[in-house]
Amino acid sequence: MAKILCVLYPDPVDGYPPTYARDSIPTLRGYPNGQTLPTPSGLDFVPGELVGCVSGELGLRKFLEAAGHTLVVTSDKEGPDSVFDRELRDADVVISQPFWPAYLTAERIASAPKLKLAITAGIGSDHVDLDAAIKAGITIAEETYSNSISVAEHAVMQILALVRNFLPSHEWVAGGGWNIADSASRAYDIEGMSVGVVAAGRIGQAVLRRLAPFDVALHYFDTHRLAPEIEDELHLTFHPDAASLARSVDVVSIHAPLHPKTYHLFDAEVIASMRRGSYIVNTARAEIVVRDAIVDALETGQLAGYAGDVWYPQPPAADHPWRTMPNNAMTPHVSGTSLSAQARYAAGVREILESYFAHKPIREEYLIVDGGSLAGAGASSYTTDGTISPGSSGR
Ligand code: NAD
C-alpha cells in the first residue's frame, strides 16, 4: 500500500463558501486539439466545488483510502521542519501544484528513497528538479490541457486590463469618484496594436485565437514553428527569437515553460529594446523575466504596464516589489485554478493515480519525465542541462 503526500494551497481565510456563485460548471466535450478530458473511473466531488485547497483534498481521500492507501494533505511546505519535509521521507507519491509549489529539489528527492511518482496538479513541472528526478528514476506527470484555456482567458483579460487602464478606473469609482480624465489619461484601445506571444503551445495558441477578433497584428516566437495553415488563418508573423518579437510589438504575452533556455529571457537589455510604453503579461513563470528589470522599466515608463499571476518564490514575501510597482495588474497565481480548471485537473490526478496503481501506462501526453528521460509533453517543451533547479535560482 502506498503513501501519497499531497501539498495544496491553504483553505479560504473566510471559510468555505456556504453556496457557490453558480450552480454548475459547463460540461466540455473535449479539448481544442481533440484530446479527451480526464477519464477516471469515478469522482468523489461535484465539479464546481472547491477541491484545490487543503480541505478539498482534490476529492481523493475516499478513493485512496478505500484501496488501502494513506493520504497526507498539507500546505506546510517550507523549511526542514515542514510537514512536507517530514512526510516526504517515506512517501511513494507526491502531488504538488504550481499555485503553491512544494519545490522538489535535488536534496528533497535524495531524502525520499521510496518516491516513484510526482504528479503536478495543473500544468508546469518546473518546481521539480527534472535532472534529479531523471537520475532517481521518478516519473513526473501533469494533466496536460486541464487549465490551458483558463490561463489563456486570464492573459487576455490582463492585456485588456492594462491597455484599457481598467484597475485604476475601477478604483476611482469604488472610492466614490467620477474621474473620467484621470481614468482616460492612460487608457488605449488594443485595436490596431501589435501583440506577440512567446511560445505558441496550447496556451499561447489559445491566446492568439482569442485576440484575432480584436483586429490586432499577431506575432509569435516558438522553438517549434506552427503549421503554415495556422499561420495563414491567424495572419501570424513568426520571429526567430524572443528579442526579435519583443522589439516588433506593443504587447508581449509569455506562455513558455520555465527551463534553462527560457530562464531570464526578458532581461534589462531585451526590455530596453522594446517600444517605449510596451506592456508585458506573464502567466507562464516569473523567472522567465528578471524581477528588478521589470520594476525599473515600469518606474522609467519604458514599460506602460506589467501583469500576470506568477511570482517567485510562491508565496512571495509581503515586501515583494511586484506588489507595489507602478502600473501593475498582478493577481495571485490563480489563472489555472478556477473552479472550472480544478474539476479537470483533480479528475486528471485521479486518472493518473488509477493508471499507476493498476500498472497501466500513464497517458503519453501527461508525461514530463518517465523511464529516465524527458517524455511525452515534457520531451517537446522542456530542456534539462542542470543550470537551474527549483528553489536555488533568483531568490
Ligand atoms: P505546451 O507544452 O502546450 O506549450 C509550451 C510551448 O512552449 C511549446 O509550443 C514549446 O515549443 C514552447 N517552448 C518551449 N521552450 C521554448 C523556448 N525556449 N522558446 C520558445 N518557445 C518554447 O504548454 P502550455 O499548456 O501552453 O503551458 C505553457 C506554460 O504555461 C507551462 O509550462 C506553465 O509554465 C505555464 N502555465 C501557467 C499556468 C498558470 O496558472 N499561470 C497554468 C498552466 C500553465
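From the list 12, 26, 18, 32, which one is without any contact (Cβ under 8 Å) to a residue 24 or more places away in the chain and assigned to a loop (DSSP other than H, G, I, E, B)? Don't jump to the end; show me each part of the working.
On the way: 12 fails: without any contact (Cβ under 8 Å) to a residue 24 or more places away in the chain; 26 fails: without any contact (Cβ under 8 Å) to a residue 24 or more places away in the chain; 32 fails: without any contact (Cβ under 8 Å) to a residue 24 or more places away in the chain.
Within the list 12, 26, 18, 32, the selection yields 18.
Report whether or not residue 192 is away from the ligand (no atom under 16 Å from the Cβ) and either out of contact with any Gly (no Cβ under 8 Å at 6 or more places or on another chain) or of a type outside the set (Gly, Ala, Ser) (or both). It would help to see each step written out before you state the result.
Numbers: away from the ligand (no atom under 16 Å from the Cβ): yes; either out of contact with any Gly (no Cβ under 8 Å at 6 or more places or on another chain) or of a type outside the set (Gly, Ala, Ser) (or both): yes.
Here the answer is yes, as residue 192 does meet what is asked.
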Given the condition closer than 24 Å to residue 46 by Cβ, of a type outside the set (A, V, I, L, M, F, W, C) and in contact (Cβ under 8 Å) with a residue 40 or more places away in the chain, answer yes or no: does some residue in the stretch 353-362 qualify? yes
Here are 81, 44, 76: which of them is farther than 22 Å from residue 148 by Cα, in the same structural domain as residue 106 (by TED's automatic domain parsing) and touching a Leu at 6+ places or on another chain (Cβ under 8 Å)? 44
Residues that are within 23 Å of the chain's Cα centre (by Cα), under 27 Å from residue 115 (Cβ atoms) and crowded, with 19+ Cβ neighbours inside 10 Å: does the stretch 26-38 have at least one? yes
Which condition does residue 225 not pass, out of (1) surrounded by 20 or more Cβ atoms within 10 Å (Cβ to Cβ); (2) in a loop (DSSP other than H, G, I, E, B); (3) within 12 Å of the ligand (Cβ to nearest atom), if it passes all the others? (1)
Counting only residues that are hydrophobic (A, V, I, L, M, F, W, C), closer than 24 Å to residue 338 by Cα and part of a loop (DSSP other than H, G, I, E, B), the stretch 35-86 contains a total of 7
So residue 353 clears everything in (1) surrounded by 18 or more Cβ atoms within 10 Å (Cβ to Cβ); (2) away from the ligand (no atom under 14 Å from the Cβ); (3) modelled with pLDDT under 95 except one condition, right? Which one? (3)
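Here are some residues: 184, 206, 212. Which one is of a type in the set (A, V, I, L, M), at negative phi and within 15 Å of the ligand (Cβ to nearest atom)? Even if it seems obvious, please write down each step before you answer.
On the way: 184 fails: within 15 Å of the ligand (Cβ to nearest atom); 212 fails: within 15 Å of the ligand (Cβ to nearest atom).
Only one candidate qualifies: 206.
The values are calculated or read from the model by the stated rules, or taken from the named source; none is laboratory data. Because the structure is predicted, anything quoted here is derived from the model rather than measured. All Cβ positions, glycine included, derive from the backbone under ideal geometry; neighbour counts span all protein chains shown.
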